[in-house]
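As structure tokens, the structure follows; a few thoughts come after it.
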Amino acid sequence: MTMQKVAHPDEVYTERTVQSLAHMERARAVMPGGMTANIKHYAPYPITINRANGSKFYDVDGNEYIDYLMGYGALILGHAHPHVRDAIARQIEEDGTWLFGTPHDREVTMATRIQKYFPSMEKIRYANSGTEANLLAMRLAMGYTKKYKIAKFEGHYHGAIDSLLLSIHPPKSDAGDQEDPQAVPDSGGMAPDAADDTIILPFNDIKSCARILEQHKDELAAVIIEPMEGGVIAPKSQFLNQLRKLTKKLGVLLIFDEVKTAFRSSMDGVQGLYDVTPDLTTIGKVVGGGFPFGVVGGKSTIMEQSSPLHGTDIFAGEGSRTSQKALFHSGTYNGHPLILAAGIATLDVLEQEYDALALRTDRFREELTRLFQKHGIPMKTVGSGAMFSVLLTESQEINHYRDLQMCDHDARKKLDKALFEAGVYTKPGNRYSLSVVHDDEVLAKTLEAYDRVIPEVLR
Ligand SMILES: Cc1ncc(COP(=O)(O)O)c(C=O)c1O
């Protein structure tokens with residue numbers, strides 16, 4: 001078999017990552033683009049990691065990095081936190097297996113723990129990813145309202161669902177007016193009518209949202225939103241409240257996708273920060289302790305549609321064909337004991353350490369801002385709690401996707417590459433997710449690296 005050669009324009013990068021390049025050549029022979037998830041890719045090829053410990057990880061060439069990707073935000077306790085490691089070992093030891101396929105205690109324990117912070121999630125169902133959680137949330141909304149269109153916001157990501165895989169990164173030329181964004185598919189392989197049942201909304205513009213939603217209210221089951229766009233762009237002070245009032249008035253459900261933000265932007269998510277109660281919420285990432293997990297919760301009346309006590313579904317057998325149908329929700333791994341054990345252990349530690357982590361993150365952001373000022377480079381950070389983005393921009397206000405497009409992304413990529421070489425990792429252009437083991441020493445080292453590379457790269 002002939003190996004596909006990979007371009008490597010950056011000599012320093014290539015010299016440090018010889019084994020990563022060799023891995024990529026092997027990977028490209030067996031996987032499209034060498035990837036199992038396209039999000040892992042960046043040019044010319046990503047580094048390959050094979051070991052981690054706390055706040056650090058190590059590539060196949062033996063280079064050490066402070067990890068700010070933290071499993072795309074999932075690992076809020078850092079790599080292999082001892083409390084989670086023990087909980088996983090204990091789950092297997094005490095239960096004698098890692099999968100029952102029946103009800104079990106941890107399903108209820110986890111639901112109660114989540115409800116302490118998300119009282120809007122009156123009833124809860126488990127899934128295996130944020131994507132799956134959003135699929136169920138949409139079905140619940142459609143079943144409840146008997147309407148079959150969904151409105152989503154430009155620039156917001158909700159997983160690989162055709163009707164939501166629209167206008168996440170639309171090119172300006174195709175995206176329409178800012179006040180009236182058009183649906184732009186983000187993937188090949190979607191049916192030509194994939195966008196027909198989706199309405200696109202502009203974030204932080206309640207006037208335009210009101211006009212568009214009024215126009216489509218009779219067909220719309222729900223509005224789904226990342227209440228903090230991309231996990232980092234804050235809603236304007238009254239935006240979420242106004243959206244809540246508007247959707248209620250129009251008979252459209254409101255779904256908060258807090259997959260990134262739950263237990264990271266604050267313990268009680270963006271809904272806690274802004275005191276807004278959605279009809280349905282989806283969460284994931286942190287609450288799964290670094291394992292595949294998603295949760296849907298919301299008003300009892302909406303969630304109860306999926307109860308097998310109120311009807312039957314395909315698993316009830318032959319005799320039930322004429323019965324009233326329950327809203328279908330199942331999955332071999334739903335409520336997986338090992339994942340729930342890891343998630344519950346994560347919440348145990350976070351309850352003790354979240355406040356200190358959020359304070360440390362705030363201080364780190366301030367110090368970073370001062371550093372850029374010292375070097376005379378315009379920069380601002382956006383985010384909340386233990387997650388933020390570094391934006392190279394002179395703009396004072398970042399309110400939505402189109403403002404984000406005005407930032408200097410090429411310079412940010414150069415900066416990220418130079419930081420790699422100084423041992424600081426986040427995926428190029430990605431947000432920074434801190435963990436409880438990103439202590440003062442680790443953060444000081446990061447600031448030193450920034451101080452060295454800013455004049456080299458950005459002047
Ligand atoms: C806001 C949001 N929703 C949904 C998802 C999809 O979650 P998953 O990757 O677990 O399917 C993500 C993933 O990054 C996300 O950030």
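The values are calculated or read from the model by the stated rules, or taken from the named source; none is laboratory data. Given the structure is predicted, the values throughout are model-derived calculations rather than measurements. Cβ: placed from backbone, ideal geometry, glycine included. Neighbour counts: every protein chain shown. Accessible surface is based on the protein model in full, side chains and every heavy atom, while ligands, DNA and RNA are left aside. Shrake-Rupley method; radii C 1.70, N 1.55, O 1.52, S 1.80 Å.
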(request) Give me the angle, in degrees from 0 to 90, between the Cα long axis of helix 206-216 and the longest principal axis of the Cα atoms of the chain, rounded to the nearest 10. (result) 40
(message) Defining a contact as two alpha carbons under 8 Å apart and six or more residues distant in sequence, what relative contact order in percent does region 82-347 show?
(response) 28
(message) From the gyration tensor of the Cα coordinates in region 77-196, what semi-axes in whole Å does the equivalent ellipsoid have, largest first, with each one equal to sqrt(5λ)?
(response) 38, 18, 15
(message) Considering only protein heavy atoms and a probe of 1.4 Å, how much of the accessible area of the chain is carbon and sulfur, as a whole percent?
(response) 52
(request) First select every other residue whose beta carbon is under 13 angstrom from the beta carbon of GLU226; then total the charges, Lys and Arg +1, Asp and Glu -1. (result) +1
(request) Report, largest value first, the span of the C-alpha coordinates of the chain along each principal axis, in whole Å. (result) 69, 57, 53
(message) Give the aspartates and glutamates reachable from LYS172 as a straight Cα distance under 20 Å; neighbours fewer than 8 places away on the same chain don't count.
(response) GLU154, ASP180, ASP186, ASP205, GLU229, GLU397, ASP403, ASP408, ASP410
(request) Report, to the nearest 10°, how far helix 409-421 tilts away from the longest principal axis of the Cα atoms in the chain, using its own Cα long axis and a range of 0 to 90°. (result) 60
(request) Give the long-range amide H neighbours of ALA326: residues separated by 5 or more places, or on another chain, with amide H under 5 Å away, using H modelled in the peptide plane at 1.01 Å from N. (result) THR312, ASP313
(message) Below 11 angstrom from the Cβ of GLN182, what's the summed charge of the other residues (Lys, Arg +1; Asp, Glu -1)?
(response) -4
(request) Could you state the accessible area per residue of the chain in Å², with a 1.4 Å probe and every protein chain left in place? (result) 46
(request) Would you grab the residues whose amide H sits under 5 Å from the one on ALA151? Only those 5+ places off in sequence or on another chain, please, with H modelled 1.01 Å from N. (result) ILE199, ALA222, VAL223, ILE224
(message) Using the Kirkwood formula on the Cα atoms of region 241-383, what hydrodynamic radius do you get, in angstrom to one decimal?
(response) 18.6
(request) State to the nearest 20 debye the size of the charge dipole of the chain about its Cα centre, where the only charges are +1 on K and R beta carbons and -1 on D and E beta carbons. (result) 480
(message) Give the separation of the Cα centroids, region 365-407 to region 247-275, in Å.
(response) 24
(request) List, in the order given, every pair from LYS236/LYS445; LYS149/LYS248; LYS285/LYS374; LYS149/LYS427; LYS147/LYS260 whose Cα-Cα distance in the structure shown is over 26 Å. (result) LYS236/LYS445; LYS285/LYS374; LYS149/LYS427; LYS147/LYS260
(message) Using only Cα atoms and rounding to the nearest 10 degrees, what angle (0 to 90) does helix 239-250 make with the longest principal axis of the chain?
(response) 20
(request) Work out from phi, with θ = phi - 60° and the Karplus expression 6.51 cos²θ - 1.76 cosθ + 1.60, the ³J(HN,Hα) of each residue of region 107-116, listed in order in whole Hz, and give x for Gly and Pro. (result) 4, 6, 4, 5, 4, 5, 5, 5, 5, 4
(message) Bin width 5 Å, origin at 0, all Cα-Cα pairs of region 82-347: what percent of pairs per bin?
(response) 1, 6, 12, 17, 18, 16, 12, 9, 5, 3, 1, 0
(request) Could you sort 191-204, 269-282 so that the peptide with the highest average Cβ count within 10 Å comes first and the rest follow in order? (result) 269-282, 191-204
(request) Calculate the tail of P(r) for region 211-270: the fraction of all Cα-Cα distances greater than 14 Å, expressed in %. (result) 58
